[in-house]
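Single-structure report; data block below.
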Amino acid sequence: MQGDLPEFTEDVAVLSCVKDLGELVHYNRSISLGHIKEMIEEGIHRIQRIEWLPCDLHRKALFIQTYIDQNIWPFALYSCDTTYIGQKHFDKLRRATVNTLVGHWHNASPMLACNFLSKFLMDPFLYTLCQCIRIIRRLATVQHDLAVETVQNAATYDGSRPFGPVGWELNANGIVSGPDHLQFDVLKDPIKKIINTCREMWNHHIIASMDRKGIGDFLLDSRLSLRVYAKCTESVQQLTKMNVVGGFQTQSMKAIWHKETSEKCVFCGECDTRDHRLLHCPLGTEIRSQYPDVIDVLHNMRPEWIYICLCPDSMKWPFSSVRIPKL
Ligand SMILES: [Zn+2]
């Protein structure tokens with residue numbers, strides 16, 4: 001047998017993974033991201049380059065958001081629908097996105113920036129989940145038996161690395177069930193219904209995965225929030241984007257980590273907190289007097305909007321009959 005093999009005069013490289021027909025093929029069980037990691041890094045560089053585009057704010061925002069959705073996610077997340085890449089890579093993409101869209105503010109939430117600033121932008125992890133689901137749904141149309149077998153294999157997978165938000169469960173019959181009795185059939189339902197249900201389930205995941213003031217008491221309605229934000233003028237969007245992502249840092253917050261910073265308001269000497277700025281600081285008395293309805297909402301109906309101003313899910317909003325005053 002050994003005599004039948006040709007004699008090699010050069011060393012042969014032994015590879016643990018190769019790319020075949022555009023997909024990574026692993027020859028051992030070690031987790032190696034290889035070129036996937038490089039593409040994610042390149043995706044982050046591309047997002048960072050957009051930050052310095054020399055154009056006016058409105059065009060810049062439109063171009064950034066469209067550009068990210070059309071180009072960078074498909075590029076950076078290529079092959080991530082077939083390989084587990086770990087949450088830290090999604091976190092890096094989100095952080096690069098929030099830096100580009102609202103600036104380098106430590107307090108700004110990458111999760112909120114990827115979900116509530118533009119309808120053209122989908123969270124990178126949700127984007128990847130939807131890509132996986134689309135592949136299975138297409139397979140169910142062209143090779144139904146193979147899709148059924150794939151779903152059964154995935155449903156019985158007992159590895160240590162779950163892929164998907166906590167609470168989302170894939171059943172062997174193709175039903176994906178999630179929080180609040182939301183569910184869809186990945187083998188039969190129309191793709192539009194599947195993606196819309198995923199977005200609703202994702203709203204629950206946002207709440208579950210975040211721990212900051214103004215988030216957690218109510219389910220957020222991402223569609224309504226995006227519609228309201230999109231209706232604002234470009235200058236209002238620029239002025240309020242930090243409120244959407246919670247990027248402001250008050251003096252009292254800064255004083256926690258910076259010993260030389262005073263927690264006092266530079267205008268009146270009171271403790272500088274979020275509600276002080278919006279509701280109490282004498283500097284804003286005249287402006288507040290022009291919008292009594294808004295101040296009433298912040299005081300009595302939606303105190304969490306002092307921290308993050310996003311629309312709650314109307315189905316779970318006890319004040320659904322109350323009309324929010326026009327700003
Ligand atoms: Zn003040």
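The values are calculated or read from the model by the stated rules, or taken from the named source; none is laboratory data. All values derive from a computational prediction rather than experimental measurement. Methodologically, a virtual Cβ is constructed for each residue, glycine included, from the backbone with ideal geometry; neighbour enumeration extends over all protein chains shown.
If I ask for residues that are within 18 Å of residue 242 (Cβ to Cβ) and away from the ligand (no atom under 14 Å from the Cβ), which ones from the range 287-301 would you list? Reasoning before the result, please.
We begin by selecting, within the range 287-301, every residue within 18 Å of residue 242 (Cβ to Cβ); these are 287, 294, 298.
Matches in the range 287-301: 294, 298.
Which members of the range 194-227 meet the condition of being assigned to a loop (DSSP other than H, G, I, E, B) and of a type outside the set (Phe, Trp, Tyr)?
In the first step, residues of the range 194-227 are kept if they are assigned to a loop (DSSP other than H, G, I, E, B); the result is 210-219, 221.
Hits for the range 194-227 are 210, 211, 212, 213, 214, 215, 216, 217, 219, 221.
State all residues of the range 239-265 that are near the ligand (Cβ under 9 Å from one of its atoms) and within 29 Å of residue 117 (Cβ to Cβ); if no residue qualifies, say none. Let's see the steps before the verdict.
First, pick out the residues of the range 239-265 that are near the ligand (Cβ under 9 Å from one of its atoms): 264-265.
Listed by number, the list holds a single entry, 265.
Collect the residues in the range 289-308 that are free of Cβ contacts under 8 Å to residues at least 12 places away in the same chain and over 20 Å from residue 214 (Cβ atoms), keeping them in residue-number order.
289, 290, 292
Can you tell me which residue in the range 266-286 is nearest to the ligand (Cβ to nearest atom), limited to those that are over 21 Å from residue 301 (Cα atoms) and either in contact (Cβ under 8 Å) with a residue 40 or more places away in the chain or touching a Ser or Thr at 6+ places or on another chain (Cβ under 8 Å) (or both)? Lay out the reasoning, then the answer.
The initial filter retains those residues of the range 266-286 that are over 21 Å from residue 301 (Cα atoms), namely 266-272, 282-283, 286.
Next, only the ones that are either in contact (Cβ under 8 Å) with a residue 40 or more places away in the chain or touching a Ser or Thr at 6+ places or on another chain (Cβ under 8 Å) (or both) stay: 271-272.
Details: 271: 9, 272: 6 Å.
So the residue we want is 272.
Which ones in the range 191-227 are free of Cβ contacts under 8 Å to residues at least 60 places away in the same chain and touching an Asp or Glu at 6+ places or on another chain (Cβ under 6 Å)?
none
Taking the range 279-297, which residues are of a type outside the set (Val, Ile, Thr) and either surrounded by fewer than 14 Cβ atoms within 10 Å (Cβ to Cβ) or at pLDDT below 90 (or both)? Talk me through it step by step, then tell me what you get.
The initial filter retains those residues of the range 279-297 that are of a type outside the set (Val, Ile, Thr), namely 279-284, 286, 288-293, 296.
Once the filter is applied, which keeps residues that are of a type outside the set (Val, Ile, Thr) and either surrounded by fewer than 14 Cβ atoms within 10 Å (Cβ to Cβ) or at pLDDT below 90 (or both), the range 279-297 yields 282, 283, 286, 289, 290, 292, 293, 296.
Only one of these is more than 17 Å from residue 200 (Cα to Cα) and surrounded by fewer than 20 Cβ atoms within 10 Å (Cβ to Cβ): 98, 142. Name it. Spell out the reasoning first.
Details: 98 fails: surrounded by fewer than 20 Cβ atoms within 10 Å (Cβ to Cβ).
Among 98, 142, only 142 is more than 17 Å from residue 200 (Cα to Cα) and surrounded by fewer than 20 Cβ atoms within 10 Å (Cβ to Cβ).
Could you check residue 230 against (1) more than 23 Å from residue 301 (Cα to Cα); (2) assigned to a loop (DSSP other than H, G, I, E, B) and say which number it fails?
Unmet condition: (2).
Against the condition buried (at least 18 other Cβ atoms within 10 Å of the Cβ), at pLDDT below 85 and either within 16 Å of the ligand (Cβ to nearest atom) or within 30 Å of the chain's Cα centre (by Cα) (or both), how does residue 313 come out, does it pass?
Values: buried (at least 18 other Cβ atoms within 10 Å of the Cβ): yes; at pLDDT below 85: yes; either within 16 Å of the ligand (Cβ to nearest atom) or within 30 Å of the chain's Cα centre (by Cα) (or both): yes.
Yes; evaluated as a whole, the condition is true for this residue.
Out of all the residues in the range 161-176, is one or more surrounded by 15 or more Cβ atoms within 10 Å (Cβ to Cβ), in contact (Cβ under 8 Å) with a residue 24 or more places away in the chain and in a helix (DSSP H, G or I)?
No, every residue in the range 161-176 fails to be surrounded by 15 or more Cβ atoms within 10 Å (Cβ to Cβ), in contact (Cβ under 8 Å) with a residue 24 or more places away in the chain and in a helix (DSSP H, G or I).
Does residue 115 satisfy being within 26 Å of residue 311 (Cβ to Cβ), buried (at least 21 other Cβ atoms within 10 Å of the Cβ) and modelled with pLDDT of 85 or more?
Judged against the criteria, residue 115 is a match.
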